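Notes for the one structure printed next.
The values are calculated or read from the model by the stated rules, or taken from the named source; none is laboratory data. All values derive from a computational prediction rather than experimental measurement. Cβ coordinates were reconstructed from backbone atoms using ideal geometry, including for glycine residues, and neighbour counts include every protein chain displayed.
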Amino acid sequence: MKCRACREEMLTGYLDGEMDRRKRNCLEEHLARCAECRKFLEEAKKTGPELFRNTVRSDPPEYLWRRIRETILTEREESKSSAAGIFERIRIFSYIPKPALALAVVITLILIVGTTARIGVKSQSGLDPAIQEQMGYFYYLSDSSGDVSSNGSLGFGTQVEKYFM
Amino acid sequence: MQDIITDEVLAKAAEGDIAAFESIYKATSGFVYNVAYRVVYNAHDAEEITQEVFLKVYKGLKNFRKQSSLKTWIYRIAANSAINYAKKTAGESRRRDDFRSAVDLRQVPAGTAAGTPRRYEEAIEMLLKVLNPDQRLCVVLRSIEGLSYREIARTLKVNINTIRSRLKRARSKLITVRKEVVGDEM
């Protein structure tokens, strides 16, 4: 093991006891014959867990739990009241007396049926003149065809026709 | 901790039982508060972080599926909240801290810094402040809270080699500044 790799291991796995036996043996063999690395290890030990051994752990202040509890309860109340508010609005909108609802439905249906029927009638009468015009044209043609049949020819009896025929 | 917080307590807390949640708080708040304090080094900020953590835990308990242990889950929230807070406020306090550290390093005579518990804590604070928030968190979790590398990696959701690397850099830095800050007393 070379000095550099050795020192890296010292700063982590070796100091923290997180090193497998094979690596540990290698490192200790190196330490036995390298004075510089032994010196480095002494320095490294002073920055490992040993340095922090006497640090004081303090508990969070008492009032902190009360503050957290209060916040939780307040938020819970707020979310309850906002949910209740939504339900209340839905309830107000859906509060219609039943006879009134039935009447409203009947009136709506009458209006829909009445409007549809009116549109139908209107559209029928609107088509009448066109149909009549077309029918008149067919009558005219049939009258002309009557002339043709009396002449025994297929002509339309026009001046141009007469000239050429 | 897992022994103290039974499945029943956990289930009740998840349903919103405040008394059950209090027992979770009592079992874990020491860790959360101390980690937060050591990362931000300000009691008021540590309280804020602790409160934020437990509000998140309370809300998240409904969806907690025991895929990780409760301890790891709470530790993760605490670590992330502390680190985010430290990074967010780093810009604001960097100038002040750099100035203060420089002054402190000159004023604390070598060999006397660790003489009293208060001096010792001040020296530890100065040393940890030399590290960046990620390195500081790793040192706190390993050297003060005593978590294993595997536990730290799970808590922070990073590779175990990343933890080794952060610790290595942190300790290299500490070797350089330790003598200036505390002398040979510690």
Segment A:1-33: number of residues that are in a loop (DSSP other than H, G, I, E, B) and more than 13 Å from every other protein chain (Cβ to nearest Cβ): 2
Pair list, Cβ under 7 Å, 6 or more apart: segment B:159-174 residue more than 9 Å from chain A (Cβ to nearest Cβ), other residue surrounded by fewer than 23 Cβ atoms within 10 Å (Cβ to Cβ) and acidic (Asp, Glu): B:166/B:134
Identity of the residue in segment B:175-186, more than 8 Å from chain A (Cβ to nearest Cβ) and touching a residue at least 24 places away in the same chain (Cβ under 8 Å), that ends up surrounded by the most Cβ atoms within 10 Å (Cβ to Cβ): B:182
Matching residues in segment B:140-152 - criterion: being more than 8 Å from every other protein chain (Cβ to nearest Cβ), in a helix (DSSP H, G or I) and either in contact (Cβ under 8 Å) with a residue 60 or more places away in the chain or surrounded by fewer than 19 Cβ atoms within 10 Å (Cβ to Cβ) (or both): B:140, B:141, B:150, B:151
Check on residue B:50, at pLDDT below 95 and among the β-branched types (Val, Ile, Thr): no
